[in-house]
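Since the structure comes first, as structure tokens, the remarks are kept for the end.
Every number in this text was worked out from the coordinates using simple rules, so none of it is lab data. For clarity, every value in this text was computed on a predicted model and none was experimentally measured. Reconstructed Cβ throughout: ideal geometry from the backbone, glycine too, with neighbour counts over all protein chains shown.
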């Protein structure tokens, strides 16, 4: 079954220019780091300078983060859908553990 994540991942890689191999891993990992910094900028202005949150800029930067995550996933040979599901599974396990610990403490 093809998910929207899968469709995005295939389409997004049409814009990849780094090729494959060590160079691509470095480009995509460093690009991701740069984009995460850009995500933080409108939030910093919102919190530090009490400006209205620039939602459009933030959404565009999150899109860039998604592209780099997709590129890294593609190099890894893993689908975004599998990554998303694996993350939800991990979060569910963490929630169950936290719930159990909370019950044991009460």
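In plain terms, the residue of 79, 70 with the fewest other Cβ atoms within 10 Å comes first and the most crowded comes last, giving 79, 70.
Neighbouring Cβ atoms within 10 Å as the yardstick, rank 61, 14, 41 fewest first.
By the 10 Å Cβ count, ascending, the order reads 14, 41, 61.
Computed over the chain, the per-residue total of -39500 (n - 2.57) for DSSP H runs of n ≥ 4 gives a 222 nm mean residue ellipticity of -27500 deg cm²/dmol, rounded to 500.
Calculated on the alpha-carbon coordinates, the convex hull of the range 48-106 measures out at 150 cubic angstrom per residue. The length gained on full extension between residue 10 and residue 97, counted as 0.36 nm times the residue separation minus their Cα-Cα distance, comes to 27.8 nm. Size estimate for the chain follows the Kirkwood approach: the inverse of mean 1/r over distinct Cα pairs works out to 16.2 Å.
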